[in-house]
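Visitor: This is the structure I have questions about; it appears just below.
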Amino acid sequence: MTSTRGLEGVVATQSSISSIIDDTLTYVGYNIDDLADNASFEEVIYLLWHKRLPKEDELAELKQQLSDNMSLPQEFLNHFKTYPIDKVHPMSALRSAVSLLGLYDEKSEDMSDEANYAKAINLQAKIATIVTAFARVRKGLEPVAPRADLGYAANFLYMLSGKEPEEIEIEAFDKALVLHADHELNASTFTARVCVATLSDMYSGITSAIGALKGPLHGGANEQVMKMLAEIGSEENAEAYIQEKLANREKIMGFGHRVYRQGDPRAKHLREMSKQLTKLRGEEKWYNMSIRVEAAFTAQKNLPPNVDFYSASVYHSLGIDHDLFTPIFAVSRVSGWIAHILEQYENNRLIRPRAEYTGPGMQKYIPIEER
Ligand code: ACO
């Protein structure tokens with residue numbers, strides 16, 4: 001038995017949700033470029049869950065269901081006040097809160113299709129409210145209730161700031177949600193599938209996936225990118241900073257990918273958004289610095305930027321706290337996780353691979369007093 005480090009190149013399941021073939025990403029056969037330019041996040045949710053684009057009335061129904069389920073009961077919100085709120089990372093808070101959400105769903109253990117669809121709506125709707133409410137409560141502010149007249153992206157920004165967002169902000173945020181929604185068998189999606197393949201419930205699957213997304217080699221990279229840009233401080237410092245990091249054999253966050261070789265197709269959309277939004281804010285330095293970092297890094301290593309690199313300056317330009325970048329990734333990716341969980345349930349088999357044993361050979365037990 002031989003193992004493959006990090007399961008590289010291993011095809012672990014079949015899926016008809018998203019594909020990466022020759023560096024092209026598709027959701028259910030639709031090119032990500034096409035979806036980023038034309039589809040709303042709600043349309044993408046429908047596409048991932050039903051494996052087809054919605055008709056107008058179907059989209060309206062989904063929007064209504066999400067809107068109807070966004071509010072969190074006061075009793076639930078009170079839990080945030082019991083967290084060591086000034087010390088916890090919002091991803092840890094989100095992981096706990098999503099687990100808690102399962103406790104409030106009396107049908108969490110009901111595995112019928114109907115109950116699972118209701119859980120999907122509940123999770124997708126409330127994750128936005130959880131992230132924004134936590135972000136406010138930790139600053140001593142009251143949570144802002146969702147508004148029925150706003151779409152998903154607009155509601156998120158509204159619940160975060162308490163102000164109605166501008167159209168350009170809504171469009172940018174909506175596009176970012178579309179771009180992050182699904183990505184074949186990435187680490188967090190695989191985690192979700194492994195969890196529910198034991199026939200565990202959807203809340204357990206999503207809680208596990210949030211834990212996997214949190215790490216800096218996966219979704220946690222976007223926050224680290226912003227930290228790096230802040231450390232670099234100005235455009236002129238970019239080259240020297242990158243050279244020093246590479247000389248110390250440190251990784252540069254936001255570059256490289258296990259699957260893409262020529263480049264991550266999502267990055268160009270975020271690069272363009274970064275350009276526009278930093279200009280709008282009069283803070284072009286973040287975009288200019290990012291461009292200089294990309295040039296300096298790719299001159300040394302043939303590893304193009306991934307989805308996390310330019311999303312950092314995009315979210316920063318939307319006025320979002322840096323430690324909320326990864327929770328926002330989860331707000332979008334929960335749509336993909338749910339699609340994969342539903343697909344796993346449809347044709348389930350326990351996921352249980354083997355390990356290549358590298359420990360000592362057969363030993364004889366020695367009583368403790370003789371060791
Ligand atoms: N900076 C510097 N060197 C890098 C980077 C990087 N960002 N990425 C890969 N390398 C180098 C490694 O040091 C290694 O070099 P070596 O062979 O000389 O030791 C080689 O490229 C292969 O790297 P691995 O880490 O083995 O590649 P793997 O396929 O396992 O990892 C990963 C992919 C985790 C994305 C990696 O490129 C990385 O750590 N990038 C930075 C973190 C990041 O941006 N993560 C987000 C990924 S996208 C997402 O999950 C949403």
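Only the coordinates and a few stated rules stand behind these numbers; no lab work does. This one's a predicted model, so the numbers in the text were calculated from it and none came from an experiment. Cβ placement follows ideal geometry from the backbone for every residue including glycine, while neighbour counts extend to all protein chains displayed.
Visitor: Spelling out what I want: for every residue of the range 336-345, take phi, set θ = phi - 60°, compute 6.51 cos²θ - 1.76 cosθ + 1.60 (Karplus), and round to whole Hz; glycine and proline get x.
Guide: Here the 3J(HN,Hα) series is x, 4, 4, 4, 5, 5, 5, 5, 5, 4 Hz.
Visitor: Quick check: residue separation of Ile368 and Ile351 times 0.36 nm, minus the Cα distance between them. What number comes out in nm?
Guide: Working: separation 17, 0.36 × 17 = 6.12 nm, distance 3.74 nm.
Result: 2.4 nm gained on full extension.
Visitor: Then there's this: What's the magnitude of the charge dipole for the range 179-298 around its Cα centre, counting Lys and Arg as +1 and Asp and Glu as -1 at the beta-carbon? Answer in Debye, nearest 20.
Guide: Result for the range 179-298 is approximately 180 debye, rounded to the nearest 20.
Visitor: Select from Ile32, Leu157, Ser290 the residue farthest towards the positive end of the dipole of the chain; place +1 on Cβ of Lys and Arg, -1 on Cβ of Asp and Glu, and compute about the Cα centre.
Guide: Highest projection toward the positive end goes to Ser290.
Visitor: Which links in Lys107/Lys163; Lys139/Lys275; Lys139/Lys285; Lys163/Lys285; Lys51/Lys214 stretch past 32 Å when you go from one Cα to the other? Present the calculation step by step, with values, prior to reporting the outcome.
Guide: Details: Lys107/Lys163 35 Å; Lys139/Lys275 30 Å; Lys139/Lys285 28 Å; Lys163/Lys285 26 Å; Lys51/Lys214 27 Å.
With Cα atoms farther than 32 Å apart: Lys107/Lys163.
Visitor: Using alpha carbon centroids, what distance separates the range 99-150 and the range 304-371, in Å?
Guide: 22 Å
Visitor: Now, a different point. Mean shadow of the chain, computed from the convex hull of its alpha carbons, in nm²?
Guide: Over every viewing direction, the Cα hull of the chain projects on average to 23.0 nm².
Visitor: What ranking, highest mean first, results for peptides 140-153, 317-330, 177-190, 255-268 when packing means the other Cβ atoms within 10 Å averaged over each residue?
Guide: In decreasing order of mean packing, 140-153, 317-330, 177-190, 255-268 become 177-190, 317-330, 255-268, 140-153.
Visitor: So, one more: What spacing in nm lies between the two simple spin-label points modelled at Leu303 and Glu164, each 7 Å away from Cα in the Cβ direction?
Guide: 4.6 nm
Visitor: For n ≥ 4 DSSP H runs only, could you compute -39500 (n - 2.57) per run for the chain, divide by its residues and tell me the 222 nm figure to the nearest 500? Show your work: numbers first, answer last.
Guide: Working: 16 runs with 205 residues, N = 371.
Taking each H run of at least 4 residues, the total per residue is -17500 deg cm²/dmol.
Visitor: Nothing charged except the Cβ atoms of Lys and Arg (+1) and of Asp and Glu (-1): what's the magnitude of the dipole of the chain about its Cα centre? Round to the nearest 20 debye.
Guide: With Lys and Arg at +1 and Asp and Glu at -1, about 1260 debye.
Visitor: In whole Hz, with x marking every Gly and Pro, tabulate ³J(HN,Hα) for the range 241-253 from phi via Karplus 6.51 cos²θ - 1.76 cosθ + 1.60, θ = phi - 60°.
Guide: Once rounded to whole Hz, the list reads 4, 5, 4, 5, 4, 5, 4, 8, 6, 8, 7, 9, 5.
Visitor: Calculate the FRET efficiency for Glu106 and Thr358 from the Cβ-Cβ distance with a Förster distance of 45 Å, rounded to the nearest 0.05.
Guide: Working: r = 46 Å, r/R0 = 1.03.
Computed FRET efficiency for Glu106 and Thr358 comes out at 0.45.
Visitor: Placing +1 on the Cβ of each Lys and Arg and -1 on the Cβ of each Asp and Glu in the chain, which of Met1, Val307, Ala118 has its Cα farthest towards the positive end of the resulting dipole?
Guide: Of the options given, the answer is Met1.
Visitor: In whole Hz, with x marking every Gly and Pro, tabulate ³J(HN,Hα) for the range 268-280 from phi via Karplus 6.51 cos²θ - 1.76 cosθ + 1.60, θ = phi - 60°.
Guide: Karplus values, whole Hz, x for Gly and Pro: 5, 5, 6, 4, 5, 5, 4, 4, 5, 6, 5, 5, 4.
Visitor: Quick one: which of 359-367, 238-246 comes out on top by average Cβ neighbours within 10 Å, and what's the full order, highest first?
Guide: Top of the packing list down: 238-246, 359-367.
Visitor: Now for a different question. Over 18 Å between Cα atoms: which of Lys251/Lys301; Lys63/Lys126; Lys55/Lys126 fall into that group?
Guide: Over 18 Å Cα-Cα: Lys55/Lys126.
Visitor: What is the sum of charges around Gln262, taking Lys and Arg as +1, Asp and Glu as -1, for the other residues whose C-beta is under 10 Å from the C-beta of Gln262?
Guide: Summing Lys/Arg as +1 and Asp/Glu as -1 gives -2.
Visitor: Let me make sure I get this right: for the range 221-317, a, b and c are the square roots of the gyration tensor eigenvalues over alpha carbons, sorted descending. Under 1.5 in a/c it's rounded, otherwise prolate if a/b > b/c, else oblate. Which is it?
Guide: oblate
Visitor: Another question about this same structure. Once each part is reduced to its C-alpha centroid, what is the distance from the range 14-64 to the range 229-261 in angstrom?
Guide: The range 14-64 and the range 229-261 have Cα centres spaced 33 Å from each other.
Visitor: Rg(Cα) of the range 112-178 divided by 2.2 N^0.38 Å? Each step should come with its number before you reach the end.
Guide: Working: Rg = 13.2 Å, N = 67, 2.2 N^0.38 = 10.9 Å.
Normalised Cα radius of gyration, the range 112-178: 1.21.
Visitor: Could you give the dipole magnitude of the range 292-348 about its Cα centre, charging the beta-carbon of Lys and Arg +1 and that of Asp and Glu -1, in debye to the nearest 20?
Guide: Dipole size: approximately 240 debye.
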